[in-house]
């Protein structure tokens, strides 16, 4: 065995990109990113909403009509969190169904061209992504109407 | 510890979040579709009057605590999974899991206290 | 009359451990012929331009799994990948990612085999004497065979491991192939080792580190669909935790000294028509 080997592991780059992959593979990457984004927002959100315990002045400083968090940059951030939630929720439904063995189909004798669980789950993936897009658009419309 | 237990609760928490956070998003961001009972004072959902009105309802106190617990478990389990996949030493993995667990418990106590205290304060108004 | 031969460019990621600190790309131009596979191209390069080029191959027909490599950013077998199906201009060939590269296109597959052994990829039964010294056949219907047949087609090439995003970072993760084989044996009606095998997979950095990136199934050159096996295994584990799993006894031994009998609805064989000695 050669002493000098080259470490060819893709590392974190392998989560984002490492080859020419199918559509579902990038849903995995986006699910991770949106999850981390939502978690970061949520941890701050717990502290922000605790302000309601300390009365209207404390609350209105942050979320009143001219509150600090009503600035445009925060509104855009909130829209991004909503969009992240929309995607993460519907992709999460897809993952929960697939990872519990639904939508993957039964084991079959492989005959070329091979059909895999990606084929059996594609229709559901398309429907769920469409629903996610609808929810994100509805939320975005509400943001701009405010 | 069989990991299937932790993962099953991650999915159950996800389903709870889907329902309750869905309701939360409806109230906060889809005001046009929200029933008046959930936005009693009308206008924006984050207005103080609406916060107080919802604060008085036991339904919201309970669902906020439930959503808080489910979201903390779901989110921190996910973060623990990501950290655990970074090829770190087993000792460091256990340390990260312990830190995230403590963080989760601490934030749950804070959030639950806030939900109960907010209701107590709202009932006095 | 002379024809201008059509040429194709091969970019190969070369690494010689005796001289190189890191791999480097080297470009070769070779004649393109109709029906040429990537493996044929590598042979042409070795014969005409670079005798030191190293890679693994054996059967040349997609059954041994030796020649798995990264071809135009996709892990697949070199022997059954037509050059014309990949690109008319340039073929980029590199060693399988997520394994250490020993030399040129040769990956160190030791982790693959160690993780495979760890899931006990063989029939496990309580009767150890029968396992070590078999005396008869186990009963299995064609319908029961269908439950795991697809996953038994695995040729251990490692393409799925190269495609897996979790295996890219987590070296403790078993990977798609061992997990699919753990399910293949656990869903075999002859097997009684589900609980024992699950100790190896139902743990931190185990089967639940699969997040359905699903590229393993897309990359598999034999249609094994490891992602399907892994999700079905997750279902078994969750149902087991929720006490919804109907645990079945392993099938009976139907012939031999320790036979426990055969089903009533299977008729006996007819009498011999030729005298038996």
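Sorted largest first, the spans of the alpha carbon positions of chain B along the three principal axes are 54, 30, 21 Å. Listed by Cβ neighbour count within 10 Å, with the fewest neighbours leading, C:101, C:260 appear as C:260, C:101. Each label was represented as a point 7 Å from its Cα along the Cα-to-Cβ direction; for residue C:11 and residue C:130 these points are 5.8 nm apart. Computed from the C-beta positions of residue A:119 and residue A:97, the FRET efficiency with R₀ = 22 Å rounds to 0.90. In whole percents, the pair-distance distribution calculated for region B:59-125 from its alpha-carbon pairs, binned every 10 Å from zero, is 20, 38, 23, 13, 5, 1. Across the alpha-carbon atoms of region C:17-166, the computed radius of gyration and Dmax are 19.7, 60 angstrom.
With the cut-off at under 15 Å, measuring from each backbone N in region C:62-105 to a point 7 Å along the Cα-to-Cβ line of residue C:26 picks out C:93-95, C:103-105. Hydrodynamic estimate: the Kirkwood radius of region C:150-197 over Cα pairs, inserted into Stokes-Einstein at 20 °C and 1.002 mPa s, corresponds to D of 182 µm²/s. Entry note: region B:1-63 has Rg to Rh equal to 1.16, where both radii use alpha-carbon atoms and Rh is the Kirkwood radius. DSSP beta bridges fully contained in the protein assembly as shown are about 85 percent antiparallel.
Taking the convex hull of the alpha carbon positions in region C:140-277 and averaging its projected area over all directions gives 12.1 nm². Only helices enter the 222 nm calculation for chain B: every DSSP H run of n ≥ 4 contributes -39,500 (n - 2.57), and dividing by all residues gives -27500 deg cm²/dmol, rounded to 500. Annotation for region A:78-146 versus region A:1-66: alpha-carbon center distance of 19 Å. Calculated FRET efficiency, residue C:269 to residue A:144, Cβ-Cβ distance, R0 = 51 Å: about 0.05 to the nearest 0.05. The spread of Cα positions in chain A, taken along each principal axis and listed from longest to shortest, comes to 67, 47, 25 Å. Measuring from centroid to centroid over Cα atoms, what is the spacing of region B:1-45 and region B:73-125 in Å? The distance from the Cα centre of region B:1-45 to that of region B:73-125 comes to 18 Å. Under a no-solvent Debye model with one identical scatterer per Cα of region B:24-96, what's log10 I(q)/I(0) at q = 0.13 Å⁻¹? Reported log10 I(q)/I(0), two decimals: -0.56. In angstrom, the C-alpha Rg and Dmax of region C:206-277 are 21.5, 62. Taken as Cα centroids, region C:116-142 and region C:179-233 sit 19 Å apart, rounded to the nearest whole angstrom. Partner shielding of B:104-111 amounts to 2, given as the average count of beta-carbon atoms from other chains within 10 Å of each residue beta-carbon. Inter-chain neighbour count for B:40-53: the average number of beta-carbon atoms from partner chains within 10 Å of each residue's beta-carbon is 3. The mean number of partner chain beta-carbon atoms within 10 angstrom of a residue's beta-carbon across peptide B:12-20 is 2. Rounded to the nearest 500, the helix-only mean residue ellipticity at 222 nm of chain A stands at -22500 deg cm²/dmol, with each DSSP H run of n ≥ 4 adding -39,500 (n - 2.57). Take A:49-56, C:215-222 and order them by the average number of nearby Cβ atoms within 10 Å per residue, most first; the result is C:215-222, A:49-56.
For the peptides B:50-57, C:240-247, A:85-92, residues were scored by their other Cβ atoms within 10 Å and the scores averaged per peptide; the highest-first order is A:85-92, B:50-57, C:240-247.
Rounded, prolate or oblate, given the Cα gyration tensor of region C:22-63, with a/c below 1.5 counting as rounded? Judged from the Cα gyration tensor, region C:22-63 comes out oblate (a/c at least 1.5, b/c at or above a/b).
For region A:1-86, the spread of Cα coordinates along the three principal axes comes to 71, 30, 18 Å, biggest extent given first.
Share of pairwise Cα-Cα distances greater than 41 Å in the protein assembly as shown is 38 percent (whole percent).
Here is the size of chain C from its Cα atoms: Rg then Dmax, 23.6, 78 Å. Sorting the segments C:138-147, C:170-179, C:265-274 by their residues' average number of neighbouring beta-carbon atoms within 10 angstrom, most packed first, yields C:170-179, C:138-147, C:265-274.
Please work out the ratio of the alpha-carbon Rg of region C:86-205 to 2.2 N^0.38 Å and round it to two decimals. Here the answer is 1.30, to two decimals.
All of the numbers you see were taken from the coordinates with simple rules; none came from a lab. Small disclaimer: the values here were computed from a predicted structure and weren't measured. Cβ sites come from the backbone with ideal geometry, for glycine too, and all protein chains shown count toward neighbours.
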